[in-house]
Amino acid sequence: MMSVFYSSKGIVISKIKYKETSYILKIFTEKFGLISVIVHGARKSNSQYLGYFNIMNELHFDLIKSANSEIYLLKDADFIRFFLKNIPYKSQAYFYIVNELVRKIYTDEYDIIYQLIIKYFESLIENKIRKIYIFWRFLAKFLQILGNPIFYDNCYLCGSKLTSKRFISKRGDGFVCEFCSQNNKAIKAISSEATMIFEKFRNLGNVDLEIADNTIQEINSIFLLHLKTHFHQDFNLTLLNELN
């Protein structure tokens, strides 16, 4: 069976030991999305790839794949960068949560998502503001690319501009104005601090705001509810509670 050659940048999402000296990698690639790659001999002491396949490393991969296999074989790899270099342990969850997202959500917008992830990682490294704001902006853009945006400016029921008092659908449909919330048990109010964050949402990442931990959890739960509604009901992000 004839093999085909492929080439793409990619981020190492996970790795498991395979046989005595090899790895099977999960890689999110710019051109092909999430793929599995066998790297023969990568665990040998004299391997040319020692240190290449740490989680969150970005590399350029040359790959081989036969038509009757879903798994790629590594032909060659060039190291680009290690995103977790010098990142404190408590901040690494902001990077690892991307692993959960790309594993759980199918999309064919590989190149756009890939560039968004790279920009997000660079912002986490370069920006001195609170990382949770960078994550929320990333997640909102991620959802928009997937075609399931979270609308935080207008009521999803009547379309009117939202004021300083906001409500949220318990089903995860979106934000609701005060008028539409009246006598609707499927809608609940959100806190004034969470409301303030969504009012300033377009500037998050550019300004630093003080925010209480319980408000962070509230906003995280709003995003998680949105994900569960628009993807599948058992959807969960285990690292979400570690972001603060």
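The numbers here are math on the coordinates, done by the rules we state, and not lab data. All values reported here derive from a predicted model rather than from experimental measurement. We place every Cβ from the backbone using ideal geometry, glycine too, and count neighbours over all the protein chains shown.
Looking at the chain, the pairs of alpha carbons with a distance over 32 Å make up 31% of the total. The long axis of helix 213-230 is offset from the longest Cα principal axis of the chain by roughly 70 degrees.
Mean sequence separation of contacting Cα pairs (under 8 Å, at least six apart), scaled by the length of the range 89-242, corresponds to a relative contact order of 22 percent. Enter the Cα centre distance for the pair the range 68-137 and the range 8-41, rounded to the nearest angstrom. Each part reduced to its Cα centre gives a spacing of 15 Å.
Please give the helix 93-104 orientation as an angle from the longest Cα principal axis of the chain, in degrees from 0 to 90, rounded to the nearest 10. Around 80 degrees separate the two axes. The protection proxy used here, the mean number of other Cβ atoms lying within 10 Å of each residue, ranks peptides 148-157, 15-24 as follows, highest first: 148-157, 15-24. The slack in the chain from PHE151 to MET196, taken as 0.36 nm per residue of separation less the alpha-carbon distance, amounts to 14.7 nm. Loop-located GluC sites (Glu not before Pro) in the range 165-224 (DSSP state not H, G, I, E or B) with no more than 13 neighbouring Cβ atoms inside 10 Å: GLU210.
Taking only Cα atoms, what is the 0 to 90° angle, nearest 10, from helix 131-145's long axis to the longest principal axis of the chain? Rounded to the nearest ten degrees, it is 80. Under 8 Å for C-alpha pairs, at least 6 residues apart: give me the relative contact order for the range 3-82, rounded to a whole percent. The value is 32 percent. Efficiency by 1/(1 + (r/R0)^6): what FRET value for LYS17 and ILE80, r their Cβ-Cβ distance, R0 = 30 Å, to the nearest 0.05? My answer for the efficiency is 0.80.
Evaluate E = 1/(1 + (r/R0)^6) for LEU73 and ALA186, where r is the Cβ-Cβ distance and R0 equals 51 Å; express this FRET efficiency to the nearest 0.05. Result of the calculation: an efficiency of 0.50. Divided by 2.2 N^0.38 Å, where N counts the residues, the Cα radius of gyration of the range 77-222 comes to 1.16.
Straight-distance candidates among the lysines for linking to LYS188, with alpha-carbon spacing under 22 Å and chain neighbours fewer than 8 residues away dropped: LYS161, LYS165, LYS170, LYS200, LYS228. A simple count of charges around ARG81, restricted to other residues whose Cβ falls under 12 Å of its Cβ and scoring Lys, Arg +1 and Asp, Glu -1, yields -1. Here the residues THR215, THR163, THR29, ranked from fewest to most Cβ neighbours within 10 Å of their Cβ, fall in the order THR163, THR215, THR29. So for the chain, taking the charge dipole from beta-carbon charges (+1 Lys/Arg, -1 Asp/Glu), which of PHE28, ILE117, PHE175 sits furthest toward the positive end? Result: PHE28. Here the range 1-74 is treated as a sphere whose radius is the Kirkwood value from Cα pairs; by Stokes-Einstein at 10 °C and 1.306 mPa s it diffuses with a coefficient of 128 µm²/s.
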